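To start, the structure under review is shown below, and the notes come after it.
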Amino acid sequence: MAPTGDAGPEQPIVLRLPADESLIHIARLTASGVAARAGLTIDRLEDLKLAVSEALIDRLETRAGVRWVQVAFSLSDAALVVEVVGDESEGGGDPGDESSYALALMESVVDEVHGDHDEEGRSVTRLIIRLPGTGGQPPAGVDAGAR
Amino acid sequence: MGLEVRTEQQAGGAVIVAPVGEFEVYTAAQVKDVLMQLTDAGRPRVCVTLADVTFLDSKAVGVIVEGTKRARERGGDLVIVCASERYARHLRILKLDEFLSIAASTDEALAMLSEAGEPHGPNG
């Protein structure tokens with residue numbers, strides 16, 4: 001279901017979690033709810049869950065000094081955009097072989113993956129799933145920067 | 001959420017390992033521990049069935065890859081039963097479908113393991 005109503009564009013759904021791998025499943029549960037609201041098929045819902053998980057794994061395992069991670073879901077008529085950001089303040093950790101698995105899976109299951117920085121200089125991973133029957137433009141205000 | 005890891009000893013020496021639930025970053029260590037215990041105990045012929053896995057992420061794949069290397073170092077193998085097209089596609093995306101031993105059923109996996117050589121110690 002695409003967002004409708006008189007209140008203008010739908011507000012993002014924002015989830016902030018302590019940097020704890022045992023809590024990633026909460027982000028998956030939220031992703032499931034958002035995917036259902038967006039009218040995604042079961043396959044695309046599973047794709048979204050995987051992409052969100054991999055983005056969080058990448059955030060928690062390859063960045064140092066992470067205390068929390070935030071996942072924001074923005075839904076428009078055309079696309080579902082997920083932005084994953086953490087508060088890492090130090091240098092990167094050791095990515096290891098599995099980091100390449102995370103990135104490859106993430107890129108394979110969503111339409112676009114971008115890396116960017118927010119206004120506070122934190123790195124942002126942006127996942128875009130185009131909704132069926134649309135031109136696939138992300139919500140207004142979302143800039144799909146280069147990875 | 002959560003994962004249970006069931007094991008079943010087979011007459012020929014192979015062991016079926018069946019994770020049940022979400023096989024992912026937080027639970028993957030449970031499977032890793034079981035696989036390490038088996039190879040350390042001289043049982044490197046292992047079938048890991050994904051039939052009851054409801055979610056699989058990159059960390060789980062890493063555990064499977066590591067378990068496969070370890071089993072082969074000890075003269076055995078690890079065969080994955082991957083009936084799900086979704087998980088099979090993930091392995092293809094990661095270009096692991098040629099490295100890993102993959103079967104469509106437990107029977108096929110056990111047949112593949114029975115053809116593997118006799119296990120040996122870590123030093124050959």
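A few remarks follow.
- Of the set (1) part of a loop (DSSP other than H, G, I, E, B); (2) more than 29 Å from A:Ile24 (Cα to Cα); (3) open to solvent by 50 Å² or more (accessible area, probe 1.4 Å), all apply to B:Tyr26 but (2).
- Matching residues, the stretch B:38-49, being open to solvent by 20 Å² or more (accessible area, probe 1.4 Å) and in contact with a strand residue (DSSP E or B) (Cβ under 9 Å, 6 or more places away or on another chain): B:Leu38, B:Arg43, B:Arg45
A quick yes/no check of all residues on (1) within 16 Å of A:His25 (Cβ to Cβ); (2) more than 10 Å from every other protein chain (Cβ to nearest Cβ):
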residue	(1), (2)
A:Ser53	yes, no
A:Asp58	no, no
A:Val69	yes, yes
A:Leu75	no, yes
A:Gly86	no, yes
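- Scanning the stretch A:9-26 for residues that are more than 18 Å from B:Ala28 (Cα to Cα) and within 14 Å of chain B (Cβ to nearest Cβ) turns up A:Leu17, A:Pro18.
- Yes/no for B:Leu110 being part of a helix (DSSP H, G or I), touching a Cys at 6+ places or on another chain (Cβ under 7 Å) and away from chain A (no Cβ under 14 Å): yes
- Subset of the stretch B:59-102 (residues that are without any contact (Cβ under 8 Å) to a residue 12 or more places away in the chain and open to solvent by less than 20 Å² (accessible area, probe 1.4 Å)): none
- Residue in the stretch A:76-84 that is touching a strand residue (DSSP E or B) at 6+ places or on another chain (Cβ under 6 Å) and open to solvent by 20 Å² or more (accessible area, probe 1.4 Å) present: yes
Each row is one residue, and each column tells you yes or no for (1) in contact with a helix residue (DSSP H, G or I) (Cβ under 7 Å, 6 or more places away or on another chain); (2) within 14 Å of another protein chain (Cβ to nearest Cβ); (3) of a type in the set (A, V, I, L, M, F, W, C).
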position	(1), (2), (3)
B:Leu3	yes, yes, yes
B:Arg6	no, no, no
B:Gly13	no, no, no
B:Pro19	yes, no, no
B:Phe23	yes, yes, yes
B:Thr27	no, yes, no
B:Ala41	no, no, yes
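- Note on the stretch A:34-81: residues that are assigned to a strand (DSSP E or B) and touching an Asp or Glu at 6+ places or on another chain (Cβ under 6 Å) amount to 4.
- Residues of the stretch A:88-115 that turn out to be in a loop (DSSP other than H, G, I, E, B), open to solvent by less than 40 Å² (accessible area, probe 1.4 Å) and either more than 14 Å from every other protein chain (Cβ to nearest Cβ) or modelled with pLDDT under 90 (or both), as a count: 2
- Selection count, the stretch B:64-87, where residues are away from chain A (no Cβ under 13 Å) and either among the charged types (D, E, K, R) or more than 13 Å from the chain's Cα centre (by Cα) (or both): 7
- When B:Asp52 is tested against (1) surrounded by 20 or more Cβ atoms within 10 Å (Cβ to Cβ); (2) touching a strand residue (DSSP E or B) at 6+ places or on another chain (Cβ under 6 Å), exactly one condition is not met: (1).
- Annotation: of all residues in the stretch A:16-53 being open to solvent by less than 30 Å² (accessible area, probe 1.4 Å) and closer than 14 Å to A:Val69 by Cα, the one that is nearest to the chain's Cα centre (by Cα) is A:Val52.
- For A:Glu119, the conditions (1) farther than 24 Å from B:Leu91 by Cβ; (2) surrounded by fewer than 22 Cβ atoms within 10 Å (Cβ to Cβ); (3) at pLDDT 95 or above are fulfilled apart from (3).
The values are calculated or read from the model by the stated rules, or taken from the named source; none is laboratory data. Everything numeric here is computed off the predicted structure, so don't read it as measured data. Backbone-built Cβ (ideal geometry, glycine too); neighbour counts: all protein chains shown. To get the accessible areas, we keep the full protein, side chains included, count just its heavy atoms, and leave off ligands, DNA and RNA. Shrake-Rupley method; radii C 1.70, N 1.55, O 1.52, S 1.80 Å.
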